[in-house]
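First comes the structure, then the notes that go with it.
The values are calculated or read from the model by the stated rules, or taken from the named source; none is laboratory data. Bear in mind that the values here come from a model prediction, so they are computed numbers and not experimental data. Note that we place each Cβ from the backbone using ideal geometry, even for glycine, and neighbour counts take in every protein chain shown. Side chains included, ligands, DNA and RNA excluded: accessible areas come from the protein's heavy atoms. Shrake-Rupley method; radii C 1.70, N 1.55, O 1.52, S 1.80 Å.
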Amino acid sequence: KKIVSNATVKRRALYYVLITSGMRLGEALSLTKENFHIDESPVRITLNAKQTKTKKGRECYISKEAVEKIKPLMENVSDDEMFLKQSNLSLLHNVANEDRIFGYMRTKLGFTQKYPNSVRYVVNIHSMRAYFHTKASLKHGTEYANALDGHGAYLKQYYREDPKERAQKYLELQSELFIEWKQLETEKTKDK
């Protein structure tokens with residue numbers, strides 16, 4: 001919450017996408033309006049093979065909370081414009097820049113703890129993906145989490161599931177991914 005509340009509007013939207021979808025940073029920065037199925041619930045994102053690290057297309061979802069942050073950014077861009085990038089430079093440059101800026105923010109907010117005997121910080125931009133993976137694994141199993149976040153070692157059974165079933169599983173997971181929202185008791189009862 002501290003990191004998100006100290007981010008610019010565009011970065012806040014990016015962080016919501018990372019936390020609620022499990023995407024890699026480069027995948028999220030490469031998103032265009034064409035990737036989004038905004039009329040569906042939950043909002044489905046189709047990543048094509050050229051956008052993923054594994055060079056295999058996949059589908060993932062984002063939460064209602066993330067949709068609220070991202071919709072205003074989509075309003076005045078063309079369908080094929082990468083609207084989460086901060087600059088018109090290459091995607092690789094934007095990934096490096098986002099990692100650097102996250103580092104500045106981490107230091108400013110006091111999240112400077114490192115793993116023992118390592119130069120790596122405990123709080124890093126990849127932590128958002130790890131957080132998603134943990135929540136999704138606990139809710140629906142590791143194969144489900146791997147399928148959504150694009151790890152190569154997942155079983156293909158997730159993609160043989162009915163699309164409605166896949167979407168329903170995400171809806172069940174969604175409240176675990178809320179950052180600022182709180183699910184009302186009436187919604188929890190309805191979900192059960």
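Quick notes on this structure:
- Here the range 34-126 has an Rg and Dmax of 16.2, 47 Å, counting Cα atoms alone.
- Entry comment: accessible area of the range 73-137 is 65 Å² per residue, from protein heavy atoms only and a probe of 1.4 Å.
- The chain: relative contact order in percent, alpha carbon pairs under 8 Å with at least 6 residues between: 25
- Here the range 36-80 is described by how far its Cα atoms reach on the three principal axes: 29, 23, 15 Å, from widest to narrowest.
- Extreme residue, positive dipole direction of the chain, given options Gln168, Tyr144, Thr112 (C-beta unit charges): Thr112
- Spatial extent of the chain: Rg and Dmax, with the Cα atoms as the point set, Å: 16.4, 47
- Rounded if a/c under 1.5, otherwise prolate or oblate - the range 90-180, Cα gyration tensor axes: prolate
- Compactness of the range 1-86 as Cα Rg over 2.2 N^0.38 Å, two decimals: 1.00
- Centroid-to-centroid, using Cα positions, the range 20-73 and the range 99-118 are 26 Å apart.
- Protection-proxy order for peptides 55-67, 17-29, each taking the mean of Cβ atoms within 10 Å per residue, highest first: 17-29, 55-67
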